[in-house]
Amino acid sequence: MEFRENEAIYLQIAAFVGDNILVEKWIEKLPSVRELAVDLQVNPNTVMRAYEFLQVKEVLVNKRGIGLFVAPDAKEKLKDYRKERFLGQELPEFFKNISLLDISIEEIQQRYETFTKTTK
């Protein structure tokens, strides 16, 4: 995994975990902190921080002595969190850029429709 400099690594790992949950790669038990740290080549404390962040968001549940598991409503919680973050942070930046670049909503809509056709 290649990390971006403009965002905390633990948040990028949390997003990676979230992606794996949303695409149903991880349905029940998550990799251990050490296992994921080795896979991503990061400090185990960073993975632990990402897991703790997702526990606070109620995406993961800790079963003492067994490990971390995907919460029953994890997908909905992830989508709610990401939607809130997108609408509050990323969408205003997107609007600023399309305004500065004089890109029309029609062009955006056309490209979005093309994108959705190719991703199905």
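Just a few scattered comments:
- Reachable aspartates and glutamates from Lys25, criterion Cα separation under 19 angstrom, eight or more residues apart if same chain: Glu35, Asp39, Glu58, Asp73, Glu76
- Angle between the chain longest axis and helix 91-100 axis [Cα atoms, degrees, rounded to 10]: 30 degrees
- Protein accessible area in the chain, 1.4 Å probe - carbon and sulfur %: 52 percent
- Candidates Glu76, Glu24, Glu107, ranked by Gaussian network fluctuation over the chain, Cα under 10 Å, top entry: Glu107
- For peptides 46-54, 77-85, 108-116, sequence by mean Cβ density within 10 Å, most packed first: 46-54, 77-85, 108-116
- For the chain, the longest principal axis of the alpha carbon atoms and the long axis of helix 44-56 meet at an angle near 70°.
- Of all lysines in the structure, those lying under 18 Å Cα to Cα from Lys63, and not within fewer than 8 positions of it along the same chain, are Lys29.
- Where the chain is the region considered: accessible area per residue in Å², 1.4 Å probe: 75 Å²
- Between region 18-56 and region 97-120, the alpha-carbon center distance in angstrom: 33 Å
- Legend: translational diffusion of the chain by Stokes-Einstein, Rh = Kirkwood radius over C-alpha pairs, 20 °C, 1.002 mPa s; D = 131 µm²/s.
- Residue-by-residue Karplus 3J(HN,Hα) for region 25-35, coefficients 6.51, -1.76, 1.60, Hz, glycine and proline x: 6, 10, 9, 10, 7, 8, x, 5, 4, 5, 4
- Folded to 0 to 90 degrees: helix 105-118 orientation relative to the chain principal axis, Cα: 50 degrees
- Mean ellipticity per residue at 222 nm, deg cm²/dmol - from DSSP H runs of n ≥ 4 across the chain, formula -39500 (n - 2.57): -18500 deg cm²/dmol
- Measuring nothing but how far apart in sequence close Cα pairs (under 8 Å, 6+ apart) lie, relative to its length, the chain scores a relative contact order of 20 percent.
The values are calculated or read from the model by the stated rules, or taken from the named source; none is laboratory data. All of these numbers come straight from a predicted model, not from anything done at the bench. Methodologically, a virtual Cβ is constructed for each residue, glycine included, from the backbone with ideal geometry; neighbour enumeration extends over all protein chains shown. Quick note on the areas: whole protein, heavy atoms, side chains included, nothing else; ligands and nucleic acids left out. Shrake-Rupley method; radii C 1.70, N 1.55, O 1.52, S 1.80 Å.
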